[in-house]
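The values are calculated or read from the model by the stated rules, or taken from the named source; none is laboratory data. Values in this document were obtained by computation on a predicted structure and should not be read as measured data. Backbone-built Cβ (ideal geometry, glycine too); neighbour counts: all protein chains shown. Only protein heavy atoms, including side chains, enter the accessible area calculation; ligands, DNA and RNA are left aside. Shrake-Rupley method; radii C 1.70, N 1.55, O 1.52, S 1.80 Å.
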Amino acid sequence: MKGTVVEIFDRSAGRGKVKIGMREMTIYGLPDLVRINDEVGCEERVSSSNNTYAVFQDEPAEMEVIELTDYQERLLKDAQQYSAFRNKVKQYLQRKEMCYDKFTVTEEDSAIGYISEKCVSGYLVEKFGNEEVRVSTWQDRFDMDRVRSIVDRDSNDEDDKEYVKSYFYDRYDLRITKGDREIPVDVKSAATGREPMKYWGYLYPVVQVEKEGKECVILAYCIKNEHNLIERVAICGYMSEDQIKEYGVTQQGENTSRGTQSQIDNYTTVVKDYKRLDDLIRRVLA
């Protein structure tokens, strides 16, 4: 199908309307590849040529899907406990004036991150463990009983404060090793009630790319059911930080492809460009 531009509301953000037949749609990102506003009720993308737009149906992304049916309740409970603990640690650091977290992280964000990390780690061990692939976490570097004790005692000892700060500001999420080769990885995740699509955009913070300690990012989506409970985790793949730097930046205050406002500077990556984890293990770690 083809359509024409009806109106542009905000030229700097590329927001406007496209008319296709009798149907009028609000879109964002003109004249680049963009996504139809979700209120239309379908996943489509738009390409431009002389203000004429061709609309194509988007396709589901290729991904590894982990069903949580057998251990959903336990995993969700552990995620909630982890989230509460992280919040407690953050409050401790705030009292010690050592909290430099510039992100507004909700309890749900923390829980989603925990679930994604556990599923990615479990998937890697189960599928590649026989190939001598090992997975550890940033938390594995620390004596967690000591961290809990420091926070519970509200310790003012300088060494204690530095120890908790080192734990909280992790340099990576997972460290994947094979032989003498290792890759520190950041696991990024988001919650959705739908199947991830190829042309979904994922915003990756510029400040995270500039932070030392990791080589690549693994992207996963936590898929919720009609009761708003996570029942599946879709692992879309990985991308190196050098590749992420090749994407355009959606700056703080600019509109995203979904019409929301970006809170910080983000690289706008695309789901279809994330490579399968087999590639990470068998080529990068070879």
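Answer yes or no: is there a residue in region 163-172 that is farther than 20 Å from Leu229 by Cβ and within 15 Å of the chain's Cα centre (by Cα). Within region 163-172 (the criterion being farther than 20 Å from Leu229 by Cβ and within 15 Å of the chain's Cα centre (by Cα)), the answer is yes, since at least one residue qualifies.
Each residue in region 69-88 was checked for being among the charged types (D, E, K, R), open to solvent by 60 Å² or more (accessible area, probe 1.4 Å) and within 17 Å of Asp170 (Cβ to Cβ), and 1 pass. The set of residues in region 248-274 being out of contact with any Asp or Glu (no Cβ under 7 Å at 6 or more places or on another chain), surrounded by fewer than 19 Cβ atoms within 10 Å (Cβ to Cβ) and of a type outside the set (S, T, N, Q) consists of Gly248, Gly253, Glu254, Gly259, Ile264, Asp265, Val270, Lys272, Asp273. Just one of (1) within 27 Å of Arg171 (Cβ to Cβ); (2) surrounded by 14 or more Cβ atoms within 10 Å (Cβ to Cβ) fails for Glu210. It is (2).
Among the candidates Ser121, Ser110, single out the residue that is of a type in the set (Ser, Thr, Tyr) and touching a Lys or Arg at 6+ places or on another chain (Cβ under 6 Å). Exactly one of Ser121, Ser110 is of a type in the set (Ser, Thr, Tyr) and touching a Lys or Arg at 6+ places or on another chain (Cβ under 6 Å), namely Ser110.
Kindly evaluate Tyr199 against the criterion of being at pLDDT 95 or above and more than 20 Å from Ile281 (Cβ to Cβ). Criteria not met by Tyr199. Hey, any hits in region 89-99 for a residue that's open to solvent by 100 Å² or more (accessible area, probe 1.4 Å), modelled with pLDDT under 90 and of a type outside the set (Lys, Arg)? Within region 89-99 (the criterion being open to solvent by 100 Å² or more (accessible area, probe 1.4 Å), modelled with pLDDT under 90 and of a type outside the set (Lys, Arg)), the answer is no, since none of the residues qualifies. Within region 231-247, restricting attention to residues that are surrounded by fewer than 22 Cβ atoms within 10 Å (Cβ to Cβ) and touching a residue at least 60 places away in the same chain (Cβ under 8 Å), the residue that is nearest to Ile66 (Cα to Cα) is Arg232. Count of region 202-224 residues, restricted to those that are free of Cβ contacts under 8 Å to residues at least 24 places away in the same chain and over 18 Å from Tyr274 (Cβ atoms), is 1.
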